[in-house]
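Remarks on the structure that follows.
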Amino acid sequence: MNGLAFEERPFTVEEAQSAREAFLTSATSFVKPVTRIDDRVIGNGRAGSFTLQLFDAYMDHARGVGT
């Protein structure tokens, strides 16, 4: 999708805590960065580049840009 490669699969809390970045997505919250899990900072504590690109792609789609 838009040149972004991703893999959807189960993961452990420990794996999520050691991730470079994490996000939640749904129809009502779009794409939200996860910056902390159980008081452990994820990545640099801010939205990562993949999360931001995914959010932009989602918003473009919602606005009908490029369709």
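Taking Cα centre as origin and charging only the Cβ of basic (Lys, Arg, +1) and acidic (Asp, Glu, -1) residues, the dipole magnitude of the chain rounds to 200 debye.
Alpha-carbon geometry of the chain: the Rg and the Dmax are 13.0, 41 Å, given in that order. Near ALA22, the amide H atoms lying under 5 Å from its own belong to VAL34, GLY48; only residues 5 or more places off or on other chains count, and H is placed 1.01 Å from N.
Based on C-alpha pairs under 8 angstrom that are at least 6 apart in sequence, the chain has a relative contact order of 27 percent. Name the residue, out of THR51, THR25, THR35, whose mean-square fluctuation peaks in a Gaussian network model built on the chain with Cα pairs under 10 Å. Highest fluctuation of the listed residues: THR25.
Computed from the coordinates by the stated procedures, all read-outs in this text should not be read as laboratory data. Please read all numbers here as calculations on a predicted model, not as lab measurements. With ideal geometry, Cβ positions are generated from the backbone for all residues, glycine too; neighbour counts draw on all protein chains shown.
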